[in-house]
Amino acid sequence: MTYLDNAATAPLLPAVRAAMEPWWGRPVNPASAHRDGQRAAAALERARAQVAALLGRPAQGVVFTSGATEANHHALYAWTQTVGRRVAAAAIEHPSIAGALERAEAQVVPLRVGGDGRIDTATLPDVDVVCTMAANHETGVLQALPASAVLHVDATQAVGKGGLNLAPAASVAISAHKLGGPAGIGALSLRDADAVPGWQRGGAHERGRRAGTPDVISAIGFGAACEAALDHGAARRVRWAAWSGRVEAAVLACGGRVAGIGAPRVPTHTCAVFPGLPGETLVQALDLRGIAVSSGAACASGSSEPSPVLVAMGDPDPGSAVRISLGPGTAEADIDALIAALPAVVAAVRAAVEG
């Protein structure tokens, strides 16, 4: 299988598996006072420091969660309860943001999105909280983070990919499995942990921010993935940029175009639009050739609705997109396989549509 759907999830890195493996089957409750418990507590704090180092933010503000979705819910619920319910957010945000804002009963003030996929933050409305992603999950377009007293950033698709300054954010959400870490764990990074009430209650875990015994083994894997991103990030970005350039040239040669191509983007994402061709059909046709891509966010997979991101951008073909995304485990052979298959796949789908 040629796997090019890393924006949905990246395969577990060998270094991450190696870091986790010695802990499997061992007692790992960091709240226990005995030796095994204290070993687990030390490992958890090391993982917390590794996550913080990748984010460039304080370790004491890192709260381990089940993923970025929970982190988004925790932050936005907390801010709407403590600061105010008027939240500025754009229609291109990940579906978990929309769900979190609904859960928090927020009064959403929409931010305008340009045709290049960038959010207009030049003139912010009068709101209590501003919510914006760092990089879009479909187009990879990087957003300018505005100066706001309370800014929440979903950095899931941007972290580890360079050029990211998260200092303006009061809270940041990320997920391990986009980095080659394990699924089922993420983090909420708080600039001021004391300003945010706990999400789950019933214990003093995570400094009172999230009750329940933490998943130490997954946290160890998360930390290892963050350390690998720090150690190998520069080399990865050089490869990704070169390979994405090849992918985009192939898309253009097949009559497609790239959404957000004029804006700054992470080097891993290509949102290829083939006017008149159903994105889901192209995904299925590539899958039959052993190439895994997607037509948008994995949590919306199978939906017959056009991409809400492309709709917000005013794209005339929001149902004709294919997302090709690279990750830490991508090899040049994967790019070669996609480029070799793409012309025939596009031609076959076009012939079937035009009938």
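Where a number appears in this text, it was derived from the coordinates with a stated rule and is not lab data. Computed from a predicted model, the values in this text were never measured in an experiment.
Computed quantities for the displayed model
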read-out	value
Radius of gyration and maximum dimension Dmax of segment 14-229, Cα, Å	17.2, 58
Built amide H within the under 5 Å cut-off of residue 7, gap 5+	325
Computed [θ] at 222 nm, deg cm²/dmol, the chain (DSSP H ≥ 4; -39,500 (n - 2.57); rounded to nearest 500)	-12000 deg cm²/dmol
Rounded to 5, the percent of DSSP beta bridges in the chain classed as antiparallel	55
In degrees, nearest ten, helix 279-288 long axis to first principal axis of the chain (Cα)	90
